Amino acid sequence: MKNRLSLSAYGTGWSANRMLMIAMALAALLTLAGVTAYVTGHHTPRAASSGPDEPTAPSSSMSADPAPIESTPGAGSVPRPPRLSDPVAFARAAAAMLWSYDTRDTSREQQLAGMKAWMTKESQYSDWASLSAQMPDPLLWSRMADQQQHATAQVAEAHYPAAFKQALAEDPAAITEAYIYAVTVTGKQTIAWTQSGGGVEDRSLTLAVQCRPSADCSLVAVAPRVAP
């Protein structure tokens, strides 16, 4: 069995301080397991509306499936973040980025640099550790490169979860503090390596996405586990 990279396999949790910060940013929209706030979402991509059961997101003229995007300079095959103002569309793109890699032309440092380009520049909300902790260590990445291991992603569905929508409906103004939205994305990752090795695995992750009005979306964090 070859070593496989899965950036959605949460090996570490958010720190207590980070979780408190995210929870405050979301105005305690979600509480999971009684103590930890998580960003959540699930299935069926669709634009947000102002109805009682949907978070009010910044308007966007972009489609939910953006056109292919170019790589970030100096980041190998890692795509640059798309210019989107829709949280669900951006979460779909971010998940595809996290589930894709190519050790044939991208170093570990380039992979990390490409991932970081997607992060919010607002340091009080950015949880870079939740992404970087999912990367293989240098030795494992080197072994993956020896096998020319690479992966592509196919995003299936994404949406705001009922818990997120219900909490927001109870306090609609809460989102305006940091404009952080919870989205869960599901899909498949196709992994391949030399000598015709490969396989397909189901993937899902929960993301915190920041989409301020009149600004492009950015990634805030990856949750320690997937919330239904």
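The values are calculated or read from the model by the stated rules, or taken from the named source; none is laboratory data. Nothing here was measured: the structure is a model prediction, and the numbers come from that model. Counting neighbours? That spans all protein chains shown, and the Cβs are built from the backbone with ideal geometry, glycine included. Quick note on the areas: whole protein, heavy atoms, side chains included, nothing else; ligands and nucleic acids left out. Shrake-Rupley method; radii C 1.70, N 1.55, O 1.52, S 1.80 Å.
The table below gives the values:
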{"item": "Listed peptides 130-142, 113-125 by packing density, highest first (mean Cβ within 10 Å)", "result": "113-125, 130-142"}
{"item": "Between region 196-210 and region 118-181, the alpha-carbon center distance in angstrom", "result": "11"}
{"item": "Label point 7 Å beyond Cα of Thr194 along Cβ direction - residues of region 132-165 with amide nitrogen under 12 Å", "result": "143-149"}
{"item": "Residue among Ala89, Ser132, Gln111 farthest towards the positive dipole end of region 80-139, charges placed on Cβ", "result": "Ala89"}
{"item": "Where region 65-205 is the region considered: accessible area per residue in Å², 1.4 Å probe", "result": "44"}
{"item": "Fully extended contour minus Cα-Cα distance, from Glu201 to Ser142, at 0.36 nm per residue", "result": "19.0 nm"}
